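Down below is the structure, laid out as structure tokens.
The values are calculated or read from the model by the stated rules, or taken from the named source; none is laboratory data. Being a predicted model, the structure only gives us computed values, none of them experimental. In this analysis, Cβ positions are derived from the backbone assuming ideal geometry, glycine residues included, and neighbour counts consider all displayed protein chains.
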Amino acid sequence: MKKINYLSYFNSLPKLYQVIISDIFKLKWIVLFFCIAIGVAGYFYAKMKPFIYPAKLTFMVNEDESSKLTGGLAVLLGRVGVGSSGKINLDKMIELSKSRNIIQSALLAKVKVNERTDYFVNHFINIYELNKTNKDGEEDVLFTHSNVDSFTIEENRMLIKTYNLLTGEKGILSTNYSEKSGIMEMALNSINEELSINFVDTLFQKLSEFYISKSIEKEYKTYSILKQKVSKLFAEMNQKEYSSARIEDQTLGEWRKTDNVPVVLNRRDANVLLMVYGEALKNLEIAEFSLNSKTPTIQIIDSPIKPIKPIVTSKTIYTAVGFMAGLLLSLVFIFIKNVLNSIH
């Protein structure tokens, strides 16, 4: 194998490169110092960086599809259709889980973290020291109530800041789903184990309640109208029966033709109401069945429990990166020094 002549190769390089390489060897201890110093800084940075506790919750949504209700129900309510909601929109669930409305409702729920019961938003403020990032003139903010409409401008700003901590470009909250299985995952990577677990559980609860209520909003309204209608018919029917009985009690069996007319009318009306009541009751049962069948079932598959294995920052990687950064900086310094010398 042919032996490389490094001296000849060195002499063939441009003059500037020869000077730089010579300076590297002359200043090798300085270069080494930069590498070690920044490498050690990387090591201690990794050591001081807090652990991340990833709390993951997986769940699936089962949603039934049924046909529209017609017939007697449509006659009573003016052709009110109870239609199917189609296939589960997983993207909608993802967007809802990141919406300010859902996250805000979770942030303003109370929970016990580090032996202290407070709003989630206050726990995030304290643990992530969000008040320390306030601009000049902004007062420290902690929430004492959950009435959003009465929040001050400072409280709104802090609520948005906490929301951005969760969902911003480097947000600690993530949601996704598997296109093959339809299983969804919600995860919070915070620096506090209790906070991670409790917030994921609460956010899932708020998301489930909102999704279910909106999915059956039309069916529930239909059911409520029918229920009120059935109750009203039942009350009117009983009123007619009691009215007939009172008339009979007042006559004490001594009937005149004119006395019999109100009784006949009341009983006729009661019989009509009975038929209408029977039809309404049947439609109420249909509406209740539709409501139950259309109600989505959101089922937890796995929920986070203690202990959570933390994500630890690799000291080796940060030390190596620091070492390489020190080498690069020292080389850049030597290169710039020689360029400036060559100009002069």
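Overview of values
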| read-out | value |
| --- | --- |
| Positions within segment 44-63 being part of a loop (DSSP other than H, G, I, E, B) and among the hydrophobic types (A, V, I, L, M, F, W, C), in sequence order | Phe51 |
| Residue within segment 62-72 that is modelled with pLDDT of 50 or more, touching a strand residue (DSSP E or B) at 6+ places or on another chain (Cβ under 7 Å) and not hydroxyl-bearing (Ser, Thr, Tyr) present | yes |
| Qualifying residue in segment 99-114 (condition: farther than 20 Å from Ser208 by Cα and exposed (fewer than 11 other Cβ atoms within 10 Å of the Cβ)) | no |
| Long-range neighbours under 9 Å by Cβ, at least six apart or interchain, first residue within 13 Å of Leu108 (Cβ to Cβ) and without any contact (Cβ under 8 Å) to a residue 12 or more places away in the chain within segment 151-163, second surrounded by fewer than 17 Cβ atoms within 10 Å (Cβ to Cβ) and of a type outside the set (Phe, Trp, Tyr) | Phe151/His145; Asn156/Val148 |
| Qualifying positions in segment 167-219 - exposed (fewer than 15 other Cβ atoms within 10 Å of the Cβ) and basic (Lys, Arg) | Lys170, Lys180, Lys214 |
| Test: residue in segment 79-94 that is at pLDDT 90 or above, in the same structural domain as Ser190 (by TED's automatic domain parsing), surrounded by fewer than 17 Cβ atoms within 10 Å (Cβ to Cβ) and outside any loop (DSSP other than H, G, I, E, B) | no |
| Residue match in segment 279-289 (condition: closer than 30 Å to Ser224 by Cβ, free of Cβ contacts under 8 Å to residues at least 24 places away in the same chain, in a helix (DSSP H, G or I) and among the aromatic types (Phe, Trp, Tyr)) | yes |
| Extreme residue, surrounded by the fewest Cβ atoms within 10 Å (Cβ to Cβ), among residues of segment 289-316 that are modelled with pLDDT of 80 or more and of a type in the set (A, V, I, L, M) | Ile305 |
